[in-house]
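The values are calculated or read from the model by the stated rules, or taken from the named source; none is laboratory data. What you see is a predicted model; the values in this text were computed from it and never measured. Here the Cβ positions follow ideal geometry from the backbone for every residue, glycine too, while neighbour counts run over all protein chains shown. For the accessible areas, the whole protein counts, side chains as well, though only heavy atoms, and no ligand, DNA or RNA atoms are used. Shrake-Rupley method; radii C 1.70, N 1.55, O 1.52, S 1.80 Å.
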Amino acid sequence: MTMPNSTARLIWSSLERLELRPRRLDGETIVFATRYQDGTEVALMIRSIVQTSLFRRSPAIAVVAASANQDWSMREVYLKTCISAPRNPDDLLFTAKLAIEIKSTAWAIAATGDMGDCLQFPGSPNPQVT
């Protein structure tokens, strides 16, 4: 599903507020990298998708964290989550949900991998107990 321009602009501005450097790959994918203490880079890809249930289809936004090549081809998917698509071009609830999904994805990868903290979002709301 091609991402509407209004959705792309909303996602782009949200990522810039989080001080991330997004890139648009094609009509449906926006990507950016997060770095971890050990030097690992994880690509986060935001795609426009259609969720299908028994009686309806609804637009959604997928947030996928994966290791990627230089040309942003996914090698290994770490985590995939979905949120509902924005309802209007100024959907503040969507921007809040997107920021929460991005940060929680980065923190989940940091907590479960041996990479250390995410440098873009240092510290976790639930620090690891050792």
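S73 meets each of the listed conditions (1) open to solvent by 30 Å² or more (accessible area, probe 1.4 Å); (2) of a type in the set (S, T, Y); (3) closer than 27 Å to N5 by Cα; (4) touching a residue at least 24 places away in the same chain (Cβ under 8 Å) apart from (4). Pairs meeting the criteria (first residue in the stretch 59-70 and within 12 Å of T34 (Cβ to Cβ) and at pLDDT below 85, second residue part of a strand (DSSP E or B) and small (G, A, S), beta carbons under 6 Å, at least 6 apart or on different chains) are A68/A43. Among residues of the stretch 96-113 that are open to solvent by 50 Å² or more (accessible area, probe 1.4 Å), those with a beta-carbon under 6 Å from a residue that is at pLDDT below 90 at least six positions away or on a different chain give the pairs K103/F121; W107/S124.
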